[in-house]
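Peer 1: Attaching a single structure in structure tokens format; questions to follow.
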Amino acid sequence: MKIRDILKSEKMSMSFEVFPPKTDSAFESVKTATEEIATLLPSFMSVTYGAGGGTSKYTLDIAKDIKQKHGVPTLAHLTCVSSTRQTVKQRIKDMHEAGIENVMALRGDLTPELEKSNRGDWDYRYATDLIYELKNSGYDFCIGGACYPEIHPESANQKEDIKHLKEKVDAGCEFLTTQMFFDNNLLYNFLYKIREAGITVPIVPGIMPITNANQVERAIKLSGSHMPQRFKSLVDKFGSNPEAMKQAGIAYATDQIIDLYANNITNVHVYSMNKPDIARRITENLSDILGSV
Ligand code: FAD
């Protein structure tokens, strides 16, 4: 099933993100965790490509497994900036042959080696280049892309960032998933600005449940997200008590999600980080809301 069709529904739904194993030996445990998350029957599940420390070679295996065994639609991520055109073309063919219908087209982060190299030598510079490649492949993928309510860290300003986002959508990106954020007002402000700029595709907010104090620093470093005082107080109070922190982090994420639904967002994407218990507890918290209009 194509995500563009899932996102047409007026019912409130939730999707989850998982990442592939870091090593070959971790494959089975990651597969078990992702399958457990799939039994919660989210609207779809995305499988990252090399992000979060996972290796890329298992993205398709995990995505295929979830779809075939649990009937949950999947979204396979693909990055381009550190790859050659030949590799990317092969990956696209592999995706088609694995029955993947939805692709998250990403640039990928710049490594220090790439930063030092000559940009003119790169086969792909931006996610938009990958979208053109997917569109020209002859396969009918539904294509998603990333967006940044608090601006992509490399952008000079939000106006520039939104201008390039519009180019990405015009190239064929059919929906956008956001970077994590912890203050919903930042998302509402962003939505206002992108709609004004003529970007009309569905926006899927990405929510990261922070369930241990160590995650906070990592999350800020990775995403550059603003941490509201309300969230900082919660970490100060419960950070040293793992179970209490977990409960508070799940409650905070649940609260964010309910507010998004109340503001007419129909599908929220949860960065579930291969943690079935967290995915389950959030799903349970929303049991009477999910599926309702
Ligand atoms: P782009 O859309 O190409 O944007 C990158 C920067 O270039 C932005 O500042 C943009 O404004 C600018 N730009 C775009 N076009 C132009 C242009 N024509 N001229 C000048 N500037 C331009 N990483 C992984 O490695 N694997 C994953 O699976 C993964 N999944 C992700 C999922 C989501 C929802 C998000 C938000 C991020 C994910 N990432 C992943 C991280 C992502 O790869 C990085 O954030 C990366 O730095 C940017 O990728 P992008 O696709 O947004 O890039």
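Peer 1: Starting from residues that are touching a Leu at 6+ places or on another chain (Cβ under 9 Å) and hydrophobic (A, V, I, L, M, F, W, C), keep the ones in the stretch 103-112 and report whichever is farthest from the ligand (Cβ to nearest atom).
Peer 2: Among them, the one singled out is 103.
Peer 1: Follow-up question, since we're still on this one. Failed condition for residue 39, given (1) within 16 Å of the ligand (Cβ to nearest atom); (2) within 24 Å of residue 281 (Cβ to Cβ); (3) open to solvent by 30 Å² or more (accessible area, probe 1.4 Å), with all others met?
Peer 2: Of (1) within 16 Å of the ligand (Cβ to nearest atom); (2) within 24 Å of residue 281 (Cβ to Cβ); (3) open to solvent by 30 Å² or more (accessible area, probe 1.4 Å), only one is false for residue 39: (1).
Peer 1: Filter the stretch 113-122 down to residues that are within 24 Å of the chain's Cα centre (by Cα) and more than 14 Å from the ligand (Cβ to nearest atom), then give me how many there are.
Peer 2: Residues meeting the conditions: 0.
Peer 1: Which of the residues that make up the stretch 61-108 are in contact with a Ser or Thr (Cβ under 7 Å, 6 or more places away or on another chain) and open to solvent by 20 Å² or more (accessible area, probe 1.4 Å)?
Peer 2: Across the stretch 61-108, the qualifying residues are 67, 70, 82, 106, 107, 108.
Peer 1: Could you say which residue among 172, 144, 198 is under 21 Å from residue 264 (Cβ atoms), in contact with a strand residue (DSSP E or B) (Cβ under 9 Å, 6 or more places away or on another chain) and among the small types (Gly, Ala, Ser)? First the steps, then the outcome.
Peer 2: On the way: 172 fails: under 21 Å from residue 264 (Cβ atoms); 198 fails: in contact with a strand residue (DSSP E or B) (Cβ under 9 Å, 6 or more places away or on another chain).
Sole residue among the options that is under 21 Å from residue 264 (Cβ atoms), in contact with a strand residue (DSSP E or B) (Cβ under 9 Å, 6 or more places away or on another chain) and among the small types (Gly, Ala, Ser): 144.
Peer 1: Same structure, new question: In the stretch 267-274, is there at least one residue being over 24 Å from residue 7 (Cα atoms) and aromatic (Phe, Trp, Tyr)? Explain how you work it out, then say what you get.
Peer 2: First pass over the stretch 267-274, keeping only residues over 24 Å from residue 7 (Cα atoms): none.
No, because not a single residue in the stretch 267-274 is over 24 Å from residue 7 (Cα atoms) and aromatic (Phe, Trp, Tyr).
Peer 1: Among the residues of the stretch 7-24, which ones are of a type outside the set (Gly, Ala, Ser) and more than 20 Å from residue 65 (Cα to Cα)?
Peer 2: Residues of the stretch 7-24 that are of a type outside the set (Gly, Ala, Ser), as a first pass: 7-8, 10-12, 14, 16-24.
Result: 7, 8, 10, 11, 12.
Peer 1: Next question, about the same structure. If you check 100, 66, which single one turns out to be in contact with a helix residue (DSSP H, G or I) (Cβ under 8 Å, 6 or more places away or on another chain) and within 15 Å of the ligand (Cβ to nearest atom)? Reasoning before the result, please.
Peer 2: Working: 66 fails: within 15 Å of the ligand (Cβ to nearest atom).
Among 100, 66, only 100 is in contact with a helix residue (DSSP H, G or I) (Cβ under 8 Å, 6 or more places away or on another chain) and within 15 Å of the ligand (Cβ to nearest atom).
Peer 1: Just to be sure before I move on: is residue 30 within 15 Å of the ligand (Cβ to nearest atom) and either open to solvent by 30 Å² or more (accessible area, probe 1.4 Å) or in contact (Cβ under 8 Å) with a residue 60 or more places away in the chain (or both) in the structure I sent? So that I can check it myself, show each step before the final result.
Peer 2: Working: within 15 Å of the ligand (Cβ to nearest atom): yes; either open to solvent by 30 Å² or more (accessible area, probe 1.4 Å) or in contact (Cβ under 8 Å) with a residue 60 or more places away in the chain (or both): yes.
So residue 30 fits the description; yes.
Peer 1: Could you please tell me which pairs satisfy a Cβ distance under 8 Å, a separation of 6+ or placement on different chains, a first residue in the stretch 151-169 that is at positive phi, and a second residue that is surrounded by 15 or more Cβ atoms within 10 Å (Cβ to Cβ)?
Peer 2: If the second residue must be surrounded by 15 or more Cβ atoms within 10 Å (Cβ to Cβ), the pairs left are 151/158; 151/161.
Peer 1: Still on this structure: If residue 72 satisfies every condition in (1) part of a loop (DSSP other than H, G, I, E, B); (2) at pLDDT 95 or above; (3) within 14 Å of the ligand (Cβ to nearest atom) but one, which is the exception?
Peer 2: (3)
Peer 1: Name the residue that is surrounded by the most Cβ atoms within 10 Å (Cβ to Cβ), counting only residues in the stretch 245-293 that are polar (S, T, N, Q), within 19 Å of the chain's Cα centre (by Cα) and closer than 22 Å to residue 39 by Cβ. Full working, then the answer.
Peer 2: From the stretch 245-293, those polar (S, T, N, Q) are 247, 254, 256, 263-264, 266-267, 272, 274, 283, 285, 287, 292; that's our starting set.
Now drop any that are not within 19 Å of the chain's Cα centre (by Cα), which leaves 254, 256, 266-267, 272, 274, 283.
Narrowing further to those that are closer than 22 Å to residue 39 by Cβ: 254, 267, 272, 274, 283.
On the way: 254: 20, 267: 24, 272: 29, 274: 23, 283: 19.
Per the stated criteria, the residue is 272.
Peer 1: For the stretch 179-240, which helices (runs of 4 or more DSSP H) that fit wholly inside it have 3 or more residues that are within 16 Å of the ligand (Cβ to nearest atom)? It would help to see each step written out before you state the result.
Peer 2: Working: elements: 184-196, 213-223, 229-238.
Fully inside the stretch 179-240 and qualifying: 184-196, 213-223.
Peer 1: Right, here's the next one. Take the stretch 126-167 and flag every residue that is more than 7 Å from the ligand (Cβ to nearest atom) and open to solvent by 80 Å² or more (accessible area, probe 1.4 Å).
Peer 2: Selection gives 132, 135, 136, 140, 153, 156, 159, 163.
The values are calculated or read from the model by the stated rules, or taken from the named source; none is laboratory data. Predicted model only: the values in this text are computed from it and were never measured. For neighbour counting, all protein chains shown are included, and Cβ atoms are generated from backbone atoms with ideal geometry for every residue, glycine included. To get the accessible areas, we keep the full protein, side chains included, count just its heavy atoms, and leave off ligands, DNA and RNA. Shrake-Rupley method; radii C 1.70, N 1.55, O 1.52, S 1.80 Å.
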